[in-house]
Amino acid sequence: MKAAEIRQTFLNFFASKGHQIVSSSPVVPGDDPTLLFTNAGMNQFKDVFLGFDKRPYTRATTSQKCIRAGGKHNDLENVGYTARHHTFFEMLGNFSFGDYFKRDAIQYAWELLTKEFKLPEEKLWVTVYAEDDEAYEIWNKEVGVPAERIVRIGDNKGARYASDNFWMMGDTGPCGPCTEIFYDHGPEIAGGPPGSPNEDGDRYIEIWNNVFMQFNRDEQGVMHPLPKPSVDTGMGLERIAAVLQHVHANYEIDLFVNLLAAAKSAVASATPSAGGENIDSNSPSLKVIADHIRACAFTVADGVIPGNEGRGYVLRRIARRAIRHGYKLGARTPFFHKLVAPLAKEMGEAYPELRQGEQRITEVLKQEEERFFQTIANGMEILDSALANNVAVVDGETAFKLHDTYGFPLDLTADVCRERGVKVDEEGFNAAMNRQREQARAAGKFKMAQGLEYSGTATTFHGYEHLVHDSAKVTAVYVE
Ligand code: ATP
Ligand code: MG
Ligand code: MG
Ligand code: MG
């Protein structure tokens, strides 16, 4: 089954169960300042869950464009390293707004997976929220999943990847306990079952999350019960496609095959001499490029342009990360924008904005690429020399210089370093950044005192920090 058919089968299945098929909302959320990019199918229904908005239906189903490259759900660093994470992906979902709850949600999910998609039951594992006896009983007694394939999982706060069966859209907003369905890709692949110490391998892959929306979390972390218990689910189209197409990694599905080939030839055409002939088709860098063109193209299609703050900076980070991977494979001239056309060919039918915007998206990305190609070679030279002599850490001053002078976002520098098993001194980077911010502020004050124009850098900075601050660290900040 091709990805396009899977998408349609999902929507039709839920339409047959009384769900309204609703179009994807843009990747840029309409008026939600708590959210950088749409990160789940439920985002467009947030106010319906909260009881602030009403729809003419109580059941809906969507295929939602999602981006997870900043904020609470950030998978940027996973891309290229796991078989299952993208920055951009499509989330298939069914929603109940105070209509059905746990029992029907679980039954529907099981019916779709085992009857419609005909997945073997013994390959499916489920997790439930540790205290959710009700969900456990439904899975075990009503659906018949044996106890050895049902895992109870708690909040696991703080664990980087570990399963977490309490789903939250962000630090605030609708949330609730969830039950997740995993597919066992077989013993040839490393990784333990959900909840086990080595669960983060790619053998047992989470395909579907069913969230029982019950609370609204406020800024103080207090949980307020929602007006009506509801259901929000999300299944990654690329992950279920991998299962149904009998491949392991998302990158092996039909949707990606042509895109990877296009990435290879675009990079090859930008590689001087005959170097392009030798590019390994399985290179993780090609996967990163194929992934990132989707995130970049959809983001530009929805109105974002590369810039130095907020969404524009996330776009810039993703684009430059992709360009650096092309550079690593040998590209010395712009290649990335050439992937917009093959992408529009692959996904333009489902998402016409790609076809309509093809020229503009290509042009926007080309400009960004031309700009970065002016500094990347010098920046890479500096980074390479900082990485010489088996250092364990690249110092913060160098990382900051790369950021400030050569346009290397911190995560790009970290990505290069990670390939060589080296860390970046993020504290030192932030210190250098703060120092420069202070200097800029002082200069601004000085100018004001002199009666000159105020440069206004401080506000720029706060806007970005507010949006992308990711609890543990300031991923990247901008001061002009
Ligand atoms: P994981 O634990 O694998 O990171 P998750 O628990 O963070 O996934 P959810 O927030 O529960 O994911 O999202 C619902 C579904 O969306 C997942 O079950 C998965 O199928 C899909 N999904 C989530 N993140 C990604 C991603 N970065 N790329 C592709 N699919 C994803
Ligand atoms: Mg995740
Ligand atoms: Mg998970
Ligand atoms: Mg999940």
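Filter the range 41-55 for residues that are away from ligand 3 (no atom under 16 Å from the Cβ) and in contact (Cβ under 8 Å) with a residue 12 or more places away in the chain and give the result. Steps first, answer last, please.
Taking the range 41-55 and keeping what is away from ligand 3 (no atom under 16 Å from the Cβ), we get 43-55.
Once the filter is applied, which keeps residues that are away from ligand 3 (no atom under 16 Å from the Cβ) and in contact (Cβ under 8 Å) with a residue 12 or more places away in the chain, the range 41-55 yields Asn43, Gln44, Phe45, Lys46, Val48, Phe49, Leu50, Gly51, Arg55.
Collect the residues in the range 75-95 that are more than 9 Å from ligand 1 (Cβ to nearest atom) and either under 16 Å from Phe10 (Cβ atoms) or charged (D, E, K, R) (or both), keeping them in residue-number order.
Within the range 75-95, Glu77, Asn94, Phe95 meet the criteria.
Which pairs have Cβ atoms under 9 Å, sit 6 or more apart or on different chains, and link a residue in the range 434-446 that is within 18 Å of Phe400 (Cα to Cα) to one that is of a type in the set (D, E, K, R) and at pLDDT below 90?
Ala440/Glu480
Just a yes or no: is a residue in the range 90-99 charged (D, E, K, R), more than 28 Å from the chain's Cα centre (by Cα) and at pLDDT 95 or above?
At the first step, the residues of the range 90-99 found to be charged (D, E, K, R) are 90, 99.
Still in the list and also more than 28 Å from the chain's Cα centre (by Cα): 99.
Imposing the further condition that a residue be at pLDDT 95 or above reduces the set to 99.
For the range 90-99, residues charged (D, E, K, R), more than 28 Å from the chain's Cα centre (by Cα) and at pLDDT 95 or above: present.
Hey, does the range 223-237 have a residue that's closer than 21 Å to Trp167 by Cα, touching a strand residue (DSSP E or B) at 6+ places or on another chain (Cβ under 6 Å) and either of a type in the set (D, E, K, R) or assigned to a helix (DSSP H, G or I) (or both)?
yes
For the range 368-391, indicate whether the set of residues that are surrounded by 19 or more Cβ atoms within 10 Å (Cβ to Cβ), assigned to a helix (DSSP H, G or I) and touching a residue at least 60 places away in the same chain (Cβ under 8 Å) is non-empty.
yes
Suppose we filter Thr62, Thr58 for residues that are under 26 Å from the mean Cα position of the chain (by Cα) and at pLDDT 95 or above; which single one remains? Lay out the reasoning, then the answer.
Working: Thr58 fails: under 26 Å from the mean Cα position of the chain (by Cα).
Only one candidate qualifies: Thr62.
Would you check if Ser265 is in contact (Cβ under 8 Å) with a residue 40 or more places away in the chain and among the small types (Gly, Ala, Ser)?
Values: in contact (Cβ under 8 Å) with a residue 40 or more places away in the chain: no; among the small types (Gly, Ala, Ser): yes.
No; evaluated as a whole, the condition is false for this residue.
Can you tell me which residue within the range 305-329, out of those that are β-branched (Val, Ile, Thr) and buried (at least 23 other Cβ atoms within 10 Å of the Cβ), is nearest to Gly276 (Cα to Cα)? Break it down into steps so the answer makes sense when it comes.
Here is the first cut: in the range 305-329, the ones β-branched (Val, Ile, Thr) are 305, 314, 318, 323.
This time we only want the ones that are buried (at least 23 other Cβ atoms within 10 Å of the Cβ), so: 314, 318, 323.
On the way: Val314: 29, Ile318: 23, Ile323: 15 Å.
Here the answer is Ile323.
Just checking, which of Ala147, Ala135 is among the aliphatic types (A, V, I, L, M), over 26 Å from Ala301 (Cα atoms) and surrounded by 22 or more Cβ atoms within 10 Å (Cβ to Cβ)?
Details: Ala147 fails: surrounded by 22 or more Cβ atoms within 10 Å (Cβ to Cβ).
That would be Ala135, the only listed residue that is among the aliphatic types (A, V, I, L, M), over 26 Å from Ala301 (Cα atoms) and surrounded by 22 or more Cβ atoms within 10 Å (Cβ to Cβ).
Quickly run through the range 81-118 and pick out the residues that are within 16 Å of ligand 2 (Cβ to nearest atom) and outside any strand (DSSP E or B).
Answer for the range 81-118, where residues must be within 16 Å of ligand 2 (Cβ to nearest atom) and outside any strand (DSSP E or B): Tyr81, Ala83, Arg84, His85, His86, Thr87.
Going residue by residue through the range 169-191, is there one that turns out to be away from ligand 2 (no atom under 16 Å from the Cβ), surrounded by fewer than 20 Cβ atoms within 10 Å (Cβ to Cβ) and part of a strand (DSSP E or B)?
Yes, the range 169-191 has at least one match.
Going through the range 49-68 one residue at a time, which ones are buried (at least 23 other Cβ atoms within 10 Å of the Cβ) and closer than 15 Å to Cys175 by Cβ?
Correct list: Phe49 only.
Which residue is surrounded by the fewest Cβ atoms within 10 Å (Cβ to Cβ), if the candidates are limited to the range 69-80 and must be away from ligand 4 (no atom under 16 Å from the Cβ) and part of a strand (DSSP E or B)?
Val79
With (1) within 16 Å of ligand 4 (Cβ to nearest atom); (2) touching a helix residue (DSSP H, G or I) at 6+ places or on another chain (Cβ under 9 Å) as the list, and Asp291 as the residue in question, which single condition is left unmet?
That leaves (1) as the condition not met.
The values are calculated or read from the model by the stated rules, or taken from the named source; none is laboratory data. Everything quoted here is computed from the prediction, not taken from an experiment. A quick note on method: Cβ atoms are made from the backbone with ideal geometry, for glycine too, and the neighbour counts reach across all protein chains shown.
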